[in-house]
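Working notes for the structure below.
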Amino acid sequence: MDTYEFDFPATRKVTHRAHVGVVGSGDLEVLLEPSQGMQAHVKIRTNVTGFRDTWKAVLDRFFSRYNGAVAIEINDAGATPGNVLLRLEQAVEGSEHE
Amino acid sequence: MSEPARERGRAWFRALTGRSTPMRGDPASVLTADVPLGEDQARFLCVVSDPNGRFPRARHGEVGLEEGYTLASRVREVVEADKNGHKRPIIPLVDVRSQAYGRREEIAAIYLVAAAAADAYGTARLAGHPVIALIVGHAISGGFLAHGYQANRILAFDDPGVVIHAMHKEAAARVTRRSVESLEALGKSILPLSYDIHDYAKLGLLHKLLHIEHPDAPHPTEIERVRHELIAATAEARRGPRDLSNRLQSHEAQTSRAATILVRRKLEEQWKAD
Amino acid sequence: MNESMSKVGARPVEQPAFLQRQSFIEMNARERARSFFDPGTERELVGPFDRVESPWLALQDVTPQSDDGCIVMKGKIGGEAAVVIALEGAFQGGSMGEVSGAKLTAALDLACADNENGIKTYAILQLETGGVRLQEANLGLAVIAEIIGSLLALREHAPVVCVTAGSVGCFGGMSLVAGLASYLMMTREGRLGMNGPEVIEQEAGIEEFNSKNRALIWGIHGGKQRYETGLVDALVDDNVGQVVDAVREFLRRGVPSVHRSAQIDLLQRRIAMLDPSHQWEPAELREFWTRQEVL
C-alpha cells in the first residue's frame, strides 16, 4: 500500500462535505470535507504502488481549476487518471449542493 | 486431508452416547441419540461419512442435502417435544468437511437446507435450549454454519486435527493462487486467516479449548472430562442470555474484535439520535 | 391470516416517475438503499465519514473502503420505521468482513430491540455478496453466524425482506441468510446459491459444472429458476419501481405464519423425490418442484 499527502493553496471556504465512488477494481472513492485553514489537503491510499508522480500531476491539474479549502481523502484501487479526475469533479459537485 | 480426522466425530459420538447408528428413517450420515448428561437428557447429533450415501458429492462427512434437513428435523423434534417444559441440551458434535460441493446440491438449493439446519439450532437456542457445540475435528464454512455455529457455547479440542475456517487450505490456495505454505505464513501475521486452533481461540469465540491426549481414540478418563465440560457449559448457557452476545464479551474479543465493538457502539448511538 | 395490520404501502410511492423506471442493478448500494424509503426520511448510519474500516485489509495490500462495503440506512417506508442494509457488490465482491458484518448484525439487533419495545421496525437486506471475505476468513464466517442468529430473533417480530438483483448475486455463507428471509425477491439477472460455478468446477471438476456455460449457470442459480421452483417470493424486472413496490407489498403481508426455512417436511419430501443417479436439468427440476406447493 502507498500513502501520499499533498497540500494546495485555497482561496474560499467550502460548506458541505461529499462522498462519491466505490473502491472497486479500477475505481476509487473520494471523501471531501471542509478543511480547517485556508488550504487544501489531499491524502491518497492506493494498493497500486509507485505512481506518486502521476498522482501529483493529476492533482496539480485538478487544483489549477479548483480553489476550495477542502480535506480530500482518496481510497484507490487502480483508477486511471481520467477516472480520478471524474470522481474529484463529482465530489466537488456534491459539495456544492446540499 | 488426513482421513482419520473424519472418523473422530463417529468415535466421540459413540464414546459420549454409547450409540453408533442413525435414528430410524434417517440417512446413515447423521447420527442422533438421546442420552443422560448430568441431570439432563441431552440430544447429541453428528454428521459422519457414508460412502454409500445417495448423493455422490456428500459421502465424506459433508453437510449435504439429506444431512441438512435431517439435522433440522431432529433438532425441531426436541424443540416441539420440550415446548411446554424443561429445555434439554442439544449437543452438535462437529467434524464436518464443509458443505457439499456439487451440481445436484446447487440446483436442489443446498443453501436452503443449510439455512434450515441453522434455523433449527438457532430456534432451539432462542427457545431456551442450551446448544453446546463440541468441535472434535473440522468445522469449515457452510457445514459449520449449518451444524454448530448457532451454539450458545463452542468447545474445541486443542489439537492440530481441529481446524475451524472459512475454506480448506488447499481450496483457499487454489482460489487465491497462493501456495499452502504462503497461506500458512499469512495466517501467522493476520489472526483471522490462521488455520491454527490456538489462533482461532484468540478471536474470543470459543468457550473452552480442551486438551485431549487421545483425540482419535477416546479414553475413559477423557470421555468423562469432556462430559463434565459439556455439563458445565450447559449450566453456564442456562444462566446467560439466549443470544450470541457472549461471543463479544470474552477477554480475547476486546482486542481481536475491537472494530466490531466500536461499530456496535457507534451504530447504537446514531440509531437513537433521531 | 396475519395479525399485524400493517399500514405499509397505504400511500403510493412518492418517487419521481423517471426514478421508478430506472435500472436497479445499475445503482450502487447506497443508491439502492435510498430508493426504498419515503423520500427524505432516510439517513445513513456509520457512513463513510465515520471511517470505520476493515482493520485487516491494508495489511494485505487491499485498499479499504470507508464504509467497508455495507450501507446502513434508517428511515420510513410507508410511514413506518425501517432499516435497509445494502451490500456493495463492487467492493470485494460484497463479501463479509468483520466491520461490514458487524454493521449488518448490529442493525438487525437494534431493529429487534425496537420491535421488543413496541416500535415496529422492518429490515430489508439488499444482498449482493460472494459470502465470506477470504482476507478476513474466520471473522467473516463468525459474523455470518451472528447475522443468522440476529435475523432469527428479528423475524419473529417483523418481516425481514431480502433482495438479490445482480450482478454479483448471493453466494457462500450469505446464501443461508437469504434462505432465512421472511420474503425473498430476485430479478432474472440475480443468482442465488451456496457455491458459485467456479468453485464447483474447481472442487468437483468441469464435468460436474462448466463454469463458462451461462445458460447452465442461470438455469441452476438464476432468479427465474429459483422463482419457478417455489424458492423465491417475487421475480421482478430490473426496475426500481417494481423492486420497491414488491418490497412494500411484503411488508404489508407481515410475518409469515411459517417461514420457508422451517418447513422441514416439505424440504424433506422435495429432496426424497429426486433420483440422484443422474444430474437434473433445470426443466426437470421445475416439473418436480412447482410454485403451487405452499412455501
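For the reader, a short list of remarks on this structure follows.
- Taking other Cβ atoms within 10 Å as a rough exposure proxy, C:Cys112, C:Cys170 sort from fewest to most as C:Cys112, C:Cys170.
- Length-normalised contact order for chain B - Cα pairs under 8 Å, 6+ apart - percent: 16
- Whichever aspartates and glutamates have a C-alpha closer than 16 Å to that of B:Lys202, once near sequence neighbours (fewer than 8 apart) are set aside: B:Asp158, B:Asp159, B:Glu252, C:Glu98, C:Glu136
- Long-range amide H partners of B:Met23 with built H, under 5 Å: B:Thr32
- Residues whose amide H lies under 5 Å from that of C:Thr121, counting only those 5 or more places away or on a different chain, are C:Asn115; hydrogens are built 1.01 Å from N in the peptide plane.
- Most fluctuating residue given options B:Ser182, B:Ser250, B:Ser141, as computed from a GNM of chain B linking Cα atoms under 10 Å: B:Ser182
- Residue-by-residue Karplus 3J(HN,Hα) for segment B:43-57, coefficients 6.51, -1.76, 1.60, Hz, glycine and proline x: 9, 9, 9, 8, 9, 10, 6, 9, x, 9, x, 5, 9, x, 8
- Taking the DSSP bridge list for chain B and keeping only pairs wholly inside it, about 30 percent are antiparallel.
- Computed 3J(HN,Hα) for segment C:285-291, one whole-Hz value per residue from the Karplus formula 6.51 cos²θ - 1.76 cosθ + 1.60 where θ = phi - 60°, is 5, 5, 6, 7, 10, 10, 6, glycine and proline marked x.
- Sorted largest first, extent of segment B:1-72 alpha carbons per principal axis (Å): 40, 27, 15
- In sequence order, segment C:109-121 has phi-based couplings of 5, 5, 5, 5, 4, 4, 4, 5, 9, x, 9, 4, 9 Hz under the Karplus curve 6.51 cos²θ - 1.76 cosθ + 1.60, θ = phi - 60°, and Gly or Pro positions carry x.
- At 1.567 mPa s and 4 °C, Stokes diffusion of chain C via Kirkwood alpha-carbon radius, µm² per second: 66
- Of all the options B:Leu230, B:Leu203, B:Leu134, the one that moves most in a Gaussian network model of chain B with Cα springs shorter than 10 angstrom is B:Leu203.
- Above-threshold pairs, the threshold being 23 Å between Cα atoms, out of C:Lys120/C:Lys224; B:Lys266/C:Lys76; B:Lys188/C:Lys103; C:Lys74/C:Lys120; B:Lys272/C:Lys120: C:Lys120/C:Lys224; B:Lys188/C:Lys103
- When chain C is treated as a GNM with alpha-carbon contacts under 10 Å, the residue of C:Ala33, C:Ala137, C:Ala82 showing the greatest mean-square fluctuation is C:Ala137.
- Sorting C:His278, C:His221, A:His19 from the fewest to the most surrounding beta carbons within 10 angstrom yields C:His278, A:His19, C:His221.
- For C:Gln22, the residues 5 or more places off, or on other chains, whose built amide H falls under 5 Å of its own are C:Val240, C:Gly241.
- Counting every other Cβ atom within 10 Å of each residue's Cβ, C:Asp61, C:Asp275, B:Asp40 order from fewest to most as C:Asp275, C:Asp61, B:Asp40.
No value in this document is a laboratory result; all are computed from the given coordinates. What you are looking at is a predicted structure, and each value in this text was computed from that prediction instead of being measured. Glycine gets a Cβ as well: all are built from the backbone with ideal geometry, and neighbour counts include every protein chain shown.
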